[in-house]
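Taking it in order: structure first as structure tokens, then the write-up.
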Amino acid sequence: MKKVVTFGEIMLRLSPPGFLRFSQTNSFDVVYGGGESNVAVSLANYGVPVDFVTRLPKNDIGDCALMEMRKRGVGTDNIIFGGDRLGIYFLETGAVSRGSKVVYDRDHSAICEI
């Protein structure tokens, strides 16, 4: 079987628990993801050999993102390190007729400054 290689930015997603609004919460749930890394994880779940190529900051948050990819079975040998921060996005999950809301904080992220 051939290997698939994905390239993109893994991001830190912070979400209020349940269906709370940003203004109603005192805590956030943490998930590491992003379009390309989500594809890589999905392919790994189906047994497809896959590598993810990106740049992560060399700090605890970057290490957590790397660990998340590894534990999902995604190859990480082509991830490089540099920069100061991981891109972040905040997700407020919609409820009933209220749509979801996303706020991005990606300026000066490790991959942005590659």
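The values are calculated or read from the model by the stated rules, or taken from the named source; none is laboratory data. Being a predicted model, the structure only gives us computed values, none of them experimental. Note: ideal-geometry Cβ built from the backbone for every residue, glycine included; neighbour counts use all protein chains shown. Side chains are part of the model used for accessible areas, which takes the heavy atoms of the whole protein and leaves out ligands, DNA and RNA. Shrake-Rupley method; radii C 1.70, N 1.55, O 1.52, S 1.80 Å.
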Are there any pairs with C-beta distances below 8 angstrom linking a residue in segment 10-38 that is among the aromatic types (Phe, Trp, Tyr) to a residue that is open to solvent by 80 Å² or more (accessible area, probe 1.4 Å), with the two at least 6 apart or on different chains, and if so which?
-> 22/101
Report, by residue number, each residue of segment 38-69 that is of a type in the set (D, E, K, R) and under 13 Å from the mean Cα position of the chain (by Cα).
-> 55, 63, 68
Taking into account only those residues within segment 1-38 that are among the polar types (S, T, N, Q) and either closer than 18 Å to residue 69 by Cβ or in a strand (DSSP E or B) (or both), which is most open to solvent (accessible area, probe 1.4 Å)?
-> 38
Considering each of 47, 75 in turn, give the residue that is open to solvent by 30 Å² or more (accessible area, probe 1.4 Å) and over 25 Å from residue 102 (Cβ atoms).
-> 47
Please enumerate the residues belonging to segment 9-52 that are at pLDDT below 95 and in contact with a helix residue (DSSP H, G or I) (Cβ under 6 Å, 6 or more places away or on another chain).
-> none
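Out of all the residues in segment 39-86, which are assigned to a loop (DSSP other than H, G, I, E, B) and touching a Gly at 6+ places or on another chain (Cβ under 8 Å)?
Across segment 39-86, the qualifying residues are 49, 54, 57, 58, 86.
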How many of the residues in segment 76-114 are touching a residue at least 40 places away in the same chain (Cβ under 8 Å), out of contact with any Ser or Thr (no Cβ under 7 Å at 6 or more places or on another chain) and within 28 Å of residue 3 (Cα to Cα)?
-> 5
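For segment 82-103, which positions are of a type in the set (Ser, Thr, Tyr) and within 15 Å of residue 16 (Cα to Cα)?
The answer is 89, 93, 100.
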